[in-house]
Amino acid sequence: MRAWIEHSTRFLESGVDIGPRALVLLAVLLLIPAYIFPLWNMTMFAPQYPDGLRLDIYSYKIGGGNHDLDVREVNVLNHYIGMHELTTESFAEFKWIPFVVGALGLLFLRAVFHGTMAGLVDVTVMYIYFALFSLWSFGFKLYSYGHDLDPKAAVTVDGFMPPLFGYKKIANFEVYSYPGLASYAMGAVFVVLLAAMFLAWRQYCRTATPARG
Amino acid sequence: MNVRHRGGWSVAALVAVVVAVALLGACAPSAPKGAKPGKAGGGGATSDMSVAAGKVYVAPGDLDEYYMFSSGGHSGQVYVYGLPSMRHISTIPVYSPYPATGYGFDDDSKAMLGYLTWGDVHHPSLSETGGDYDGRWLFVNDMNGRVARVDLRDFKTKQILGPVPNVSGNHGSAFVTPNTEYSMMASRFSIPLPKGTTTGTDKYATDYKGVLTAIKIDPKKVPGLVWLMPCGKSPHGVDVSPDGKWIIGSGKLQGVTTAFNFEKVQTAIRNKDYEGDEDGIPVLKYESIKDAEVPVGLGPLHTQFGPNGMAYTSLFVDSAIASWKLGTWELVDKVPMSYSIGHLAAAEGDTVNPDGKYLVGLNKLSHGRHLSVGPSQPESSQLVDISDEKMKLLSDTFTEPEPHYAQIIKADKIHTIEVYPKEDNHHPLAIWDVKDAGIARQGGKAVVKMIAVRTSFTPTEFTVNQGETVTVAVTNIEQTTDELHGFAILDYNINIVIDPGETKTVTFKAEKKGVFPFYCTNFCSALHQEMQGYMIVK
């Protein structure tokens, strides 16, 4: 047991070489798209809307096709079934996501300059937690909006789950829900962090082994 | 010879005469040459018919190539058609109230119409830049001495100018100059001037005058002087060739159309080559200015042009269109029109760059060409393919009364907006949030600010006092195209329609007491029949 603790402590305190550090720096850059591009797209087609209605979910706002007028149109349609209005102001997520991404960026930078394995492990674990929590939060939001329908609505429908990923037919609409460019960048961050960890671990194994001899 | 033989010969002669008369009678035609046997369509399409059908078919979802703006005659409207399908796409109300769109019912359009509730629209004229259609505006005349401007961004009448003083019967109008500097007005009737002067018609020759007016569109100073050009037997139509070389004048009671050479006209003016004067206006010598008399047929009226020097003249008496060539003056082809053609319109056919391709004959009579609808029959517009030298009749279309002339413009020159953007609405009574809706009183008048959006009016009811002057300002806060909402108050003759992003007002006196429903007249949504409210007059 003690040996393992010693072992792992030495591992975590070890310095990390330039390669993994550069990768973490790359990860910082890959966080930037989250401030510019949509995280998620939902596009809806119906016979009356052959060009489709598009919702763009950014880290800081909700926008849409046709100069954001699609958001208005979706809200007018949702009003019939008693769904709450989708506005940037009504989602707290649009305040904390940009903040958290910024904080993660700073932590990444700290890991780059501090350069310990622990730092690397920290940021990777934190990042995974953030990503999973965000996905869960998004899914839960979709579920609650789809089920929390006004009983006084003009048209009564059963609560429904809008698609988190992929295609779903809801009434007369064909809905397609897919990650946006920013999410792909976030995915790339995860891959880059894993690569950095892997590289650092391999380097550690190579340098650590002679010490054991 | 004996009597019996003579009797026999007489009988034979009589029989021969009867047989001869009977045979002659059988040869007499019972229908005009070229009449087709049978009326109904059946009997299988020939290959000519399938080619023609293919040329006019615009498949569901596809768009027409050209817009045709037809004058509406005494309906006071302008009709919008698509070519080559010849489908009537919409009606633009100009001089007459149009309940379907609430034109003439809301305060602004009512003010534009003035005291008149009708107009007689003869000639539409598209705005031009460098002699080519530029898709900005459509100008149309009214016999009541007015000219109107329709904005082609939203196909709405924006301005009506007039009645212009002393112009009696504004017919030769609203033709624009090549850079839309001026729109012309020319009176059809001569009256003693100034209007209001009463002089008997015995003094017609001396005291009755016609008027030619130019309406400034873009302020520019251009000196105006008038000369007369002789044109045989009731001159009717005057058209200028695309290169500006010739002026084609048609006298409707003769068999030729005259091509006047513009350079020769200018020379004649410089050299004062006159053959007299009319009322002080010099008349140019016919022989000095004419280049040719083209024997197009009987009753030539108007000429339109195609590329490569092609000219097309409508023949009222012959009920046909003749095609011929500028410069060589040779006749090319003739196509019958059913029936009695007046004007004709070629694709961009009165610009410096005619397209050719399509020609529409605007006919006065349509009898027998369609299912009968009683003593009053629609007008006929026939689409002709002029892409080859041999003209081909493609289709018959029947119109509301009554297109006189039309303008055909390439569809891609017109750029419409799909919605009135919120940012462009500067109406003082416009509101965008339901919080701001309600009734307020200012200076003894009640003003109701109302919002219309799928699928309700806010406020859903309002109360006014009997005798009060009420203004209702409805803002349609939608920003989706074609999301119109109507607003009608029963028993009060109120009927307005508001386009998405627009604010419209209607002012009236609440003279009748009671509870009056108002509702959305223009279909808007699944709950359109539930979009309603009450006006309570105490």
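Filter the range B:145-190 for residues that are polar (S, T, N, Q) and closer than 24 Å to B:V226 by Cβ and give the result. Show your work before the answer.
Within the range B:145-190, the subset polar (S, T, N, Q) is B:157, B:159, B:166, B:168, B:170, B:173, B:177, B:179-180, B:183, B:187, B:190.
Those that are polar (S, T, N, Q) and closer than 24 Å to B:V226 by Cβ: B:N166, B:S168, B:N170, B:S173, B:T177, B:N179, B:T180, B:S183, B:S187, B:S190.
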Pull out all pairs, ordered by first then second residue, where Cβ-Cβ is under 7 Å, the residues are six or more apart or on different chains, the first lies in the range A:94-106 and is within 12 Å of A:Y60 (Cβ to Cβ), and the second is in a helix (DSSP H, G or I) and among the hydroxyl-bearing types (S, T, Y). A:F94/A:T88; A:P98/A:Y35
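Filter the range B:404-449 down to the residues that are more than 14 Å from chain A (Cβ to nearest Cβ) and β-branched (V, I, T) and list them by number.
Step one: list which residues in the range B:404-449 are more than 14 Å from chain A (Cβ to nearest Cβ), which gives B:404-416, B:425-431, B:435-449.
Matches in the range B:404-449: B:I408, B:I409, B:I414, B:T416, B:I431, B:I439, B:V447, B:V448.
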Selection within the range B:450-461 - in a strand (DSSP E or B), more than 14 Å from chain A (Cβ to nearest Cβ) and surrounded by fewer than 21 Cβ atoms within 10 Å (Cβ to Cβ): B:E461
Please work out if B:E330 is at pLDDT 95 or above, at positive phi and not polar (S, T, N, Q). no
I'd like the residue in the range A:124-153 that is assigned to a loop (DSSP other than H, G, I, E, B) and surrounded by 14 or more Cβ atoms within 10 Å (Cβ to Cβ) and, out of all such residues, is farthest from the other protein chains (Cβ to nearest Cβ). A:L149
Enumerate the strands (runs of 3 or more DSSP E) found wholly within the range B:244-347, keeping only those where 3 or more residues are not polar (S, T, N, Q). B:246-251, B:274-278, B:281-284, B:290-294, B:300-305, B:310-315, B:320-325, B:331-336, B:341-346
Flag if A:H84 is out of contact with any Gly (no Cβ under 7 Å at 6 or more places or on another chain), assigned to a loop (DSSP other than H, G, I, E, B) and under 29 Å from A:T156 (Cβ atoms): yes
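Of the residues A:P50, A:P20, which is outside any loop (DSSP other than H, G, I, E, B) and within 14 Å of chain B (Cβ to nearest Cβ)?
A:P50
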Name, by its number, the condition in (1) at pLDDT below 95; (2) farther than 16 Å from B:D108 by Cα; (3) surrounded by 14 or more Cβ atoms within 10 Å (Cβ to Cβ) that does not hold for B:N495. (2)
Do we find a residue being touching a Phe, Trp or Tyr at 6+ places or on another chain (Cβ under 7 Å), among the charged types (D, E, K, R) and either closer than 22 Å to A:G63 by Cβ or touching a residue at least 12 places away in the same chain (Cβ under 8 Å) (or both) anywhere in the range A:163-173? no
Tally up the residues in the range B:498-535 that are more than 14 Å from every other protein chain (Cβ to nearest Cβ), surrounded by 15 or more Cβ atoms within 10 Å (Cβ to Cβ) and among the aliphatic types (A, V, I, L, M), please. 4
Quick check on the range A:172-179. Is at least one of its residues at pLDDT 95 or above, crowded, with 18+ Cβ neighbours inside 10 Å, part of a helix (DSSP H, G or I) and under 17 Å from the mean Cα position of the chain (by Cα)? no
Conditions (1) on the phi > 0 side of the Ramachandran plot; (2) of a type outside the set (A, V, I, L, M); (3) assigned to a strand (DSSP E or B) -> B:G356 fails only (3)
Within the set of pairs 6+ apart or on separate chains, which have a first residue in the range B:476-491 that is away from chain A (no Cβ under 14 Å), a second that is surrounded by fewer than 21 Cβ atoms within 10 Å (Cβ to Cβ) and of a type in the set (K, R), and C-beta atoms under 7 Å apart? B:D491/B:K512
B:S387 fails exactly one of the following numbered conditions: (1) more than 14 Å from every other protein chain (Cβ to nearest Cβ); (2) in contact with a Phe, Trp or Tyr (Cβ under 9 Å, 6 or more places away or on another chain); (3) in a strand (DSSP E or B). What is the number of that condition? (3)
Have a look at B:G244, B:G162, B:G200 and point out the one that is surrounded by 16 or more Cβ atoms within 10 Å (Cβ to Cβ) and not polar (S, T, N, Q). B:G162
Single residue of the range A:62-88 satisfying the filter (within 22 Å of the chain's Cα centre (by Cα) and away from every other protein chain (no Cβ under 14 Å)) that is farthest from A:L31 (Cα to Cα): A:L86
(1) within 14 Å of chain B (Cβ to nearest Cβ); (2) buried (at least 16 other Cβ atoms within 10 Å of the Cβ) all hold for A:A185 apart from (1)
Condition met for B:G486 (under 22 Å from A:V74 (Cβ atoms), small (G, A, S) and within 34 Å of the chain's Cα centre (by Cα)): no
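The values are calculated or read from the model by the stated rules, or taken from the named source; none is laboratory data. Note that the coordinates shown come from a computational prediction; the quantities given were computed from them, not determined experimentally. Backbone-built Cβ (ideal geometry, glycine too); neighbour counts: all protein chains shown.
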